[in-house]
Ligand code: ATP
């Protein structure tokens, strides 16, 4: 039931337990306003009479438990009300997790560690967001573990991270990203270096467990782990590895019965594996669309989000002042490996990169590793285990002068001098 609401746009009246789904047209913006009742966007409550703006390509659902009226203005590609959102199932899942947290509180135990899995475009990130929002709204302090290196909700693409959730996600901007723990992976798919991917998963699990030991609320809050949509072969093995590294208690499988059966078969019996339907609202995203949203994530890192603009800096960095590495040597046939060396060693090996023109546009992670720390081919440990303290993009390289120009969120000098190169490139159009 929709009708005109005059200058304030199109009015939609939603019955209880229904949702309004809409997509913003390319190049457009859409404003959403809650007129009456209660409504939420992916678990974050809407405020009455506040205008929320969504940028081009946004795909949004306003869900209501009790009924509400909202107004939309601007050009939407689609806008319709759906009566069969799986939110009730997600809420039940949340209730079960909350029960586990209460139990943990009583028995001085740890709260639920949950892994969300499924193929691409089934709404994994959205389910994570909903569950985290519901938990934090009850005063919990869950941790989001982001293992989706293609579409990270926490940091730039090519990273793996953990973030303590202290307040519900902002309706427009998502979770506030203060002090996340970020590791450099370097590419948008785990398959590029599965050894490194698994190793960083273990590192995150270790850091999280350490935090749980000293922080009771974090321990009770547990974690929600978002994973990649690659669920076959090594991608599947990475999920099994993650389940064991984090000692997960619950696995939520979205939409794929085969994956559900495989995990039930391969995970220890005490792990609860639950199959959940995907929401009909989740929209498939094309390769281009994914690339765009990756680009947007990097742009946001440097330039900020609509409300808060950042002013990045450009300056020259002398080649002699930095050391640049790539993690993982190109793999060579087993028979060619030096005696006593395995493929694992090559994938985790630190390869010095000599700066040249081909560095242009690459995203580099600035490692938090101490500048004095000795690094060598055999000593990649320190670097792999050091979180990242920021990112820069190489915008130009002058091989004659032996300097490169970089885009950086902070003015010169760089906070640290050990840089890790990503496969990912960003062309700064500003
Ligand atoms: P990937 O693994 O490819 O990163 P995903 O499985 O994590 O994808 P999401 O990012 O959660 O999927 O969802 C894909 C898109 O669908 C997002 O833009 C999200 O905002 C949108 N979306 C999710 N649920 C709904 C819904 N109920 N109605 C409308 N849009 C939705």
To test your reading of the geometry: what angle, between 0 and 90 degrees and rounded to tens, separates the Cα axis of helix 124-137 from the longest principal axis of the chain? 70
Ordering of 114-121, 299-306, 157-164, 403-410 by burial proxy (mean other Cβ atoms within 10 Å per residue, highest first): 157-164, 114-121, 403-410, 299-306
At 222 nm, what value in deg cm²/dmol follows for the chain if DSSP H runs of at least 4 each add -39500 (n - 2.57) and the sum is divided by all its residues, to the nearest 500? -8000 deg cm²/dmol
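List 240, 78, 397, 375 from most exposed to least, where exposure is judged by having the fewest other Cβ atoms within 10 Å.
Placing the least packed residue first, the sequence is 78, 240, 375, 397.
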Hey, rough spin-label estimate for residue 236 and residue 178, points 7 angstrom out along Cα→Cβ, what's it come to in nanometres? 4.3
Output the Kirkwood hydrodynamic radius of the chain, Cα pairs only, in Å rounded to one decimal. 23.1
Fewest-first sequence of 110, 11, 412 by Cβ atoms within 10 Å of each Cβ: 412, 11, 110
With angles folded into 0 to 90 degrees, how steeply does helix 87-106 sit against the dominant principal axis of the chain? Use alpha carbons for both and round to 10. 70
Cα Rg over Rh - segment 225-284, Kirkwood: 0.96
Which percent, to the nearest 5, of DSSP beta bridges fully inside the chain are antiparallel? 75
Residues 24, 171 in order from fewest to most other beta-carbon atoms within 10 Å are 171, 24
If you average the C-alpha positions of segment 259-306 and of segment 197-248 separately, how far apart do those two centres end up, in angstrom? 15
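Using Cα pairs under 8 angstrom and six or more residues apart, how large is the relative contact order of segment 360-430, in percent?
Computed value for segment 360-430: 48 percent relative contact order.
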Tell me, what is the percent relative contact order of the chain, built from C-alpha pairs under 8 Å that lie six or more residues apart? 14
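Read-outs throughout are calculated quantities, based only on the coordinates presented, and are distinct from any laboratory measurement. A quick note: this is a predicted structure, and the numbers were derived from the prediction, not measured. Glycine gets a Cβ as well: all are built from the backbone with ideal geometry, and neighbour counts include every protein chain shown.
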